[in-house]
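Report on the structure given below.
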Amino acid sequence: MGFLRRLAGTASKATGMTRTEIELKVTWFEGIRDDAVLQVVGEHFRQEMLRTVRPPSPGELPEGVPPPPSGYYKAILVPEPSNQYDRNAIAVNVWAGRAWNHVGYLSRDEAVDYRPLFTHLGRTGERPAVACDAALVNERGEVGVVLHLGTPGECMAELITDKRQPADHPWQGQQIVFSGQAQTLVTGVVVDRFAQIMYARWAGCEVLPRISKKAQLVVVASPGEVTTAVSKAREYGVPTVPEVEFLKGIGLPEDAVGRELLWTRG
């Protein structure tokens, strides 16, 4: 389940935020895989800032932000559209007690991947941020940061299904297989394999890892492409459905679902 909260607090100048009171629309997620990790880059240049971060004490975090597990840290990700080197930059800030210290960035490629998610979160005109747990790790004798956050597709899947009931659809309870991925957008965010599984489970379907005679449906990400799964589906007499049609059929808003080819990096 996704949550939206408002956060007021102080932050280091290095974050691109002011030292005075700031207001962010902070989102965090509950449906995160145990193995979901996201690397941070640029920590080498911010070792001094990293030395001052610490796990938050009980009740210390700004109101509404959930504490991390014992021994972990709390981070927020904030876009920097005015960054002179990369307008897609997403800064990573870790709680240091009464302030968020800027400790690095998402990589350029991952910042582009997460950009549509932040665009969606900031659609009301508020400044969006994403809160997540973080771990400090040793990287060649220096301190590095690893975030516990799902893919953009997973995050969007949680947001768009939160408090929404699936529609009545003909695939309820069926065993399904996905053929292909990253060819469909939901609210501008690419539907990857993790997101496919989340949408299917929300809709009451069981996802099989591969095509077999047990499968009752194959969801095809790229219609017209003859994959092994599609060929086997024909051989076994298993029906196929385009992914866009499947997502709309299980109850996602029609105006939220589109094809990946409409979206370009940059």
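Computed from the coordinates by the stated procedures, all read-outs in this text should not be read as laboratory data. This structure is a prediction, so every number in the text was calculated from the model and none was measured. Every residue, glycine as well, gets a Cβ built from its backbone with ideal geometry; the counts of neighbours run over all protein chains shown.
Here are the numbers for the structure shown:
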| read-out | value |
| --- | --- |
| DSSP-defined antiparallel bridges as percent of all bridges, the chain, nearest 5 | 75 percent |
| Helical segments meeting 15 Å axial Cα length and Kyte-Doolittle -1.0 threshold in the chain (DSSP H) | 108-121 |
| Exposed GluC sites (Glu not before Pro) absent: longest stretch of the chain, with sites in DSSP loops and at most 12 other Cβ within 10 Å deemed exposed | 64-224 |
| Length-normalised contact order of the stretch 156-262 in % [C-alpha pairs under 8 Å, at least 6 apart] | 35 percent |
| Calculated log₁₀ intensity ratio I(q)/I(0) where the Debye formula runs over C-alpha points of the chain, q = 0.14 Å⁻¹ | -0.96 |
| Separation between Cα centres of the stretch 73-110 and the stretch 135-149, rounded to whole Å | 15 Å |
| Dmax and Rg, reported as Rg then Dmax, of the stretch 2-150 (C-alpha, Å) | 14.1, 43 |
| Cβ-Cβ FRET estimate between R54 and E139, R0 fixed at 22 Å, reported to 0.05 | 0.70 |
| M156, M49, M198 arranged by Cβ crowding within 10 Å, fewest neighbours leading | M49, M198, M156 |
| Ranked list, fewest to most other Cβ atoms within 10 Å of each Cβ, for T240, T151 | T240, T151 |
| Order of Y73, Y236, Y85, Y199 - criterion: other Cβ atoms within 10 Å of each residue's Cβ, fewest first | Y85, Y236, Y73, Y199 |
